[in-house]
1. Considering segment 143-163 alone, what residues qualify as being surrounded by fewer than 14 Cβ atoms within 10 Å (Cβ to Cβ) and at pLDDT below 95?
2. Which residues, taken from segment 179-188, are crowded, with 16+ Cβ neighbours inside 10 Å and either not in a helix (DSSP H, G or I) or not small (Gly, Ala, Ser) (or both)?
3. Return the residues of segment 48-71 that are within 16 Å of ligand 1 (Cβ to nearest atom), among the basic types (Lys, Arg) and modelled with pLDDT of 95 or more; say none if nothing qualifies.
4. Find the residue count for segment 27-48, including only residues that are out of contact with any helix residue (DSSP H, G or I) (no Cβ under 8 Å at 6 or more places or on another chain) and more than 9 Å from ligand 2 (Cβ to nearest atom).
5. In the list 95, 102, which residue meets the criterion of being at pLDDT 95 or above, among the β-branched types (Val, Ile, Thr) and either crowded, with 22+ Cβ neighbours inside 10 Å or over 21 Å from residue 191 (Cα atoms) (or both)?
6. Select from segment 99-152 the residues that are closer than 15 Å to residue 167 by Cα, polar (S, T, N, Q) and within 15 Å of ligand 2 (Cβ to nearest atom) and list them in ascending order.
7. Out of segment 7-31, which residues are touching a residue at least 60 places away in the same chain (Cβ under 8 Å) and among the hydrophobic types (A, V, I, L, M, F, W, C)?
8. Could you list, in sequence order, the residues of segment 142-170 that are in contact with a helix residue (DSSP H, G or I) (Cβ under 7 Å, 6 or more places away or on another chain) and free of Cβ contacts under 8 Å to residues at least 60 places away in the same chain?
Amino acid sequence: MTEKKATNITWHEGAITKKDRERLLGQKGVVIWYTGLSASGKSTLAHAVEEKLFELGRVSYVLDGDNIRHGLNKNLGFSPEDREENIRRIGEVSVLFADTGVIAMTAFISPYRSDRDQARTLVPEGRFIEIYVKVPLSVAEERDPKGLYKKARAGEIKEFTGISAPYEEPLKAELVIDTSELNVEESRDVVIDFLTARNLI
Ligand SMILES: Nc1ncnc2c1ncn2[C@@H]1O[C@H](COP(=O)(O)OP(=O)(O)O)[C@@H](O)[C@H]1O
Ligand SMILES: [Mg+2]
């Protein structure tokens with residue numbers, strides 16, 4: 001648990017609310033949380049959804065694992081503690097995005113159930129959509145677009161999810177998308193249809 005260090009801090013409530021910003025943008029601020037093994041298709045799917053939303057005139061933004069580790073989270077590695085802190089920060093950042101009225105999408109392995117559930121608690125009911133991007137490990141390993149599984153099998157990467165570090169499957173994801181069965185377009189449409197059905201776009 002990350003310790004709160006500052007004292008004497010007071011929340012400042014602005015006159016413009018999330019509702020106001022949502023009205024301005026004509027959309028709802030939500031967090032779409034993609035989780036799954038490396039190479040399951042989180043980044044590909046999130047960006048495909050972003051493109052479709054853009055076409056539909058909706059503002060979204062993808063917070064993508066490796067990109068965030070270049071900046072905001074560059075001081076974090078892959079130990080259990082650092083993974084937890086990585087996800088904690090992303091949870092907080094995605095809430096800030098959603099608070100602006102934007103559709104925030106996070107594409108992180110986020111292997112621990114407790115970390116994802118913690119992120120969920122930050123978002124109002126119905127505005128956190130957990131998507132389990134599911135794929136058999138054998139398929140992810142075969143895809144291996146970054147050659148990471150090969151390195152992990154060779155012992156060159158320690159604590160690699162699915163090989164030498166755990167992945168805890170979601171128990172109550174809003175959507176489960178098996179990318180070994182659906183192609184990118186079909187997967188994207190499952191997400192778009194869900195957002196439409198829930199009146200979120
Ligand atoms: N339905 C699908 N959705 C997303 N990616 C898919 C799908 N089918 C095959 N792929 C491929 O799987 C790989 C997934 O890589 P990537 O999106 O980087 O995964 P992750 O971000 O989960 O590590 C890509 O090479 C992509 O083309
Ligand atoms: Mg990715």
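1. Our first condition is that a residue be surrounded by fewer than 14 Cβ atoms within 10 Å (Cβ to Cβ); within segment 143-163, this holds for 145-147, 150, 154-156, 158.
Listed by number, the list holds a single entry, 158.
2. Passing the criteria: 179, 188.
3. 52 - this is the single residue of segment 48-71 that is within 16 Å of ligand 1 (Cβ to nearest atom), among the basic types (Lys, Arg) and modelled with pLDDT of 95 or more.
4. So the answer is 2.
5. Working: 95 fails: either crowded, with 22+ Cβ neighbours inside 10 Å or over 21 Å from residue 191 (Cα atoms) (or both).
Of 95, 102, the one residue that is at pLDDT 95 or above, among the β-branched types (Val, Ile, Thr) and either crowded, with 22+ Cβ neighbours inside 10 Å or over 21 Å from residue 191 (Cα atoms) (or both) is 102.
6. Correct list: 110 only.
7. Quick first cut of segment 7-31, residues touching a residue at least 60 places away in the same chain (Cβ under 8 Å) only: 18, 21-22, 24-25, 27-31.
The answer is 24, 25, 30, 31.
8. Scanning segment 142-170 gives 157, 163, 164, 168.
The values are calculated or read from the model by the stated rules, or taken from the named source; none is laboratory data. For clarity, every value in this text was computed on a predicted model and none was experimentally measured. FYI the Cβ positions are ideal-geometry reconstructions off the backbone, even for glycines, and counts take in every protein chain you see.
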